[in-house]
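The values are calculated or read from the model by the stated rules, or taken from the named source; none is laboratory data. Predicted, not measured: the structure shown is a model, and the values here were computed from it. Note: ideal-geometry Cβ built from the backbone for every residue, glycine included; neighbour counts use all protein chains shown. The accessibility values were calculated without ligands, DNA or RNA, using every heavy atom of the protein model including side chains. Shrake-Rupley method; radii C 1.70, N 1.55, O 1.52, S 1.80 Å.
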Amino acid sequence: MPAHREPSLTEGRLCIAAAAVLWSLSGAFTKFLTGVMHEEHGYPEVPALQIAFYRVLFAGLVLVPTLRRADLSFRPLMLAMALCFAAMNGLYVTAMAEGTAANAVLLQYTAPMWMYLATIYLLGERANRRSTIALLVGLLGIAVIVAGAATDGAGSQEAQLVTNLIALASGVTYAGVMIFLRLLRDLSPRWLTVWNHLLGALVLLPLILGQALPTWEQYIVLFLFGSVQMGLPYWLVARGLRVVSPQEAGAITLLEPLLNPLWAYLVWSKTETPGLATYVGGALILGALAWRYWPQRQGIHEGTPRNTKEKQET
């Protein structure tokens, strides 16, 4: 696809769908590192925060060549955004490593709901019926998943509850990142993406000092985790959003929470069998998001170029 021309609408949709599929591999990569390599083949354990560190470090380094000199700028608010991004990344990977990929990704995907509340109470924006309905249904889904920790298995209820709350916190901090992106929307999205990844890695660095370094085989997996699962999708979404509306893009990216548990199960089925609460709660959350993001006829002007606004990760 030549860089000098705009993608067609079909190409834009395919770019966003491909990004969602790549994002959905986070559970598979995490379970491969913590399950297959460590438990099955005896490689040294890679702690969750170390995985989170290398994930964003490699993603940021891969994205550096996309920057232009004119992109570079600084606002003090960017420091708070990087802290929020580091917390989101660390919490998400921890929830993924300690619990099921399904719960981790579904609870992180509650971020738009928290962002909606924040834009009303912090930014003074007006509430709307569509988003309010999505919020209420989504909150019911959250309650089902979190409450499910009390019934999904004796002896591990407390651990499941803590892991679910960690995943939910990753959704709250993800919402914080999106709010910062809105406040900084006049800056280059490419620059903000690279900034978040590299500064997010720097924030996590003190937390992993003194830990044993991964093996070279684990470094290869971590590099692919960061570059293929996290870095490449940003470029794809940036290209797709030139011609696809944000609402339609939001609906397409719901492929991620649908596929993530599947890939994780195929890689490490021992701990990746969701309980009934996950199915019920997940259906409510995804249904709410689909209702929220599904394009409305009057809001779609397909084929019109738009400013890029990239997702900050899961």
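For the stretch 40-55, which positions are farther than 11 Å from residue 91 by Cα and touching a helix residue (DSSP H, G or I) at 6+ places or on another chain (Cβ under 8 Å)?
Of all residues in the stretch 40-55, those farther than 11 Å from residue 91 by Cα come to 40-47, 50-51, 53-55.
Hits for the stretch 40-55 are 43, 44, 45, 46, 47, 50, 51, 53, 54, 55.
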Within 14 Å of the chain's Cα centre (by Cα) and not aliphatic (A, V, I, L, M) - does that describe any residue in the stretch 233-245?
yes
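Condition check: crowded, with 24+ Cβ neighbours inside 10 Å and not in a helix (DSSP H, G or I). Does residue 56 satisfy that? Don't jump to the end; show me each part of the working.
Numbers: crowded, with 24+ Cβ neighbours inside 10 Å: yes; not in a helix (DSSP H, G or I): no.
Here the answer is no, as residue 56 does not meet what is asked.
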Test each condition in (1) open to solvent by less than 50 Å² (accessible area, probe 1.4 Å); (2) over 17 Å from residue 280 (Cβ atoms) for residue 133 and report the one that comes out false.
(1)
For the stretch 67-80, how many residues meet the condition of being closer than 15 Å to residue 190 by Cβ and within 21 Å of the chain's Cα centre (by Cα)?
1
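For (1) assigned to a helix (DSSP H, G or I); (2) farther than 23 Å from residue 207 by Cα; (3) within 21 Å of the chain's Cα centre (by Cα); (4) acidic (Asp, Glu), each residue gets a yes or a no:
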{"site": "51", "(1), (2), (3), (4)": "yes, no, yes, no"}
{"site": "60", "(1), (2), (3), (4)": "yes, no, yes, no"}
{"site": "65", "(1), (2), (3), (4)": "yes, yes, no, no"}
{"site": "83", "(1), (2), (3), (4)": "yes, no, yes, no"}
{"site": "92", "(1), (2), (3), (4)": "yes, no, yes, no"}
{"site": "106", "(1), (2), (3), (4)": "yes, yes, yes, no"}
{"site": "117", "(1), (2), (3), (4)": "yes, yes, yes, no"}
{"site": "120", "(1), (2), (3), (4)": "yes, yes, no, no"}
{"site": "132", "(1), (2), (3), (4)": "yes, yes, no, no"}
Of the residues 70, 97, which is open to solvent by 60 Å² or more (accessible area, probe 1.4 Å) and among the small types (Gly, Ala, Ser)?
70
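Examine the stretch 289-297 for a residue that is in a helix (DSSP H, G or I), at pLDDT below 80 and surrounded by fewer than 15 Cβ atoms within 10 Å (Cβ to Cβ), and state whether such a residue exists. Break it down into steps so the answer makes sense when it comes.
First, pick out the residues of the stretch 289-297 that are in a helix (DSSP H, G or I): 289-293, 297.
This time we only want the ones that are at pLDDT below 80, so: 297.
Restricting the remaining residues to those that are surrounded by fewer than 15 Cβ atoms within 10 Å (Cβ to Cβ) gives 297.
For the stretch 289-297, residues in a helix (DSSP H, G or I), at pLDDT below 80 and surrounded by fewer than 15 Cβ atoms within 10 Å (Cβ to Cβ): present.
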